[in-house]
Amino acid sequence: MKLIASLTSPYARKVRIVLAEKKIDCPLEEDIPWNADTHVPDYNPLGKVPVLVLDDGSTLFDSRVIVEYLDNISPVSRLLPQENRPLIATRRWEALADGLCDAAVAVFLERKRPEGKQDPDWIDRQYTKINRALAAMSGDLGERTWCNNDSYSLADIAVGCCLGYLDFRFPDVEWRTSYPNLEALSERLAARPSFLDTLPPR
Ligand SMILES: N[C@@H](CCC(=O)N[C@@H](CS)C(=O)NCC(=O)O)C(=O)O
């Protein structure tokens, strides 16, 4: 098994954290899908990372499919609840966090275009999504220690990765000031080796 990933992708970081939490050994093959010499399309027709290549050569994508697969192949540190209601709640957190990443990545890419070709309305639309998602996360988290009631789960990993991506690419989004409960969650997560070892390169 090997993971094809870039070190800056928040979706790939989610998978890398799951691997670490579950103590699954899996070599990482770094591949940046934007580079001309990328091999990602050989593994994923969508040309996106992360991709998990299994020992029989078959491939899994996207990150949500990969994390479900990984959680099921090892009983160590279950990250997805077994019962439907908490499972769906966890998946909803993940959809919100990944959706925030989708909006942030869209802004990042738009800003890479030549200045005259960037669409400010499109960028504003994505920022609105980012801000609404942060408010929703903070409201849903409330005073709880972890997103999914009292147990650490994939929900926390997904939220931690999207907040980490904001810190990495969008230091102008001052989510800590507006949402102290997200800051407290982020600090709890940052102390975990799985988060420390997967910080995006500076
Ligand atoms: N929903 C996908 C999103 C993956 C994604 O968008 N990855 C980005 C890197 S952060 C990518 O590979 N982009 C290349 C492209 O869009 O061509 C997942 O959860 O894995």
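Values computed for the structure shown
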quantity: Matching helices (runs of 4 or more DSSP H) fully within segment 137-202 where at least 2 residues are among the charged types (D, E, K, R); calculated: 154-169, 180-190
quantity: Lone qualifier among 196, 182 - being modelled with pLDDT of 95 or more and loosely packed, with under 15 Cβ neighbours inside 10 Å; calculated: 196
quantity: Test set (1) touching a residue at least 12 places away in the same chain (Cβ under 8 Å); (2) in a helix (DSSP H, G or I); (3) over 24 Å from residue 18 (Cβ atoms) - residue 121 fails condition number; calculated: (1)
quantity: Elements of type helices (runs of 4 or more DSSP H) in segment 1-97, at least 3 residues being of a type in the set (Lys, Arg) and within 14 Å of the ligand (Cβ to nearest atom); calculated: 10-21
quantity: Qualifying residue in segment 138-155 (condition: surrounded by 17 or more Cβ atoms within 10 Å (Cβ to Cβ) and modelled with pLDDT under 95); calculated: yes
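The values are calculated or read from the model by the stated rules, or taken from the named source; none is laboratory data. In this text the structure is predicted, and so the values were computed from the model without any measurement. Don't worry about glycine lacking a Cβ; one is built from the backbone with ideal geometry, like all the others, and counts go over all protein chains shown.
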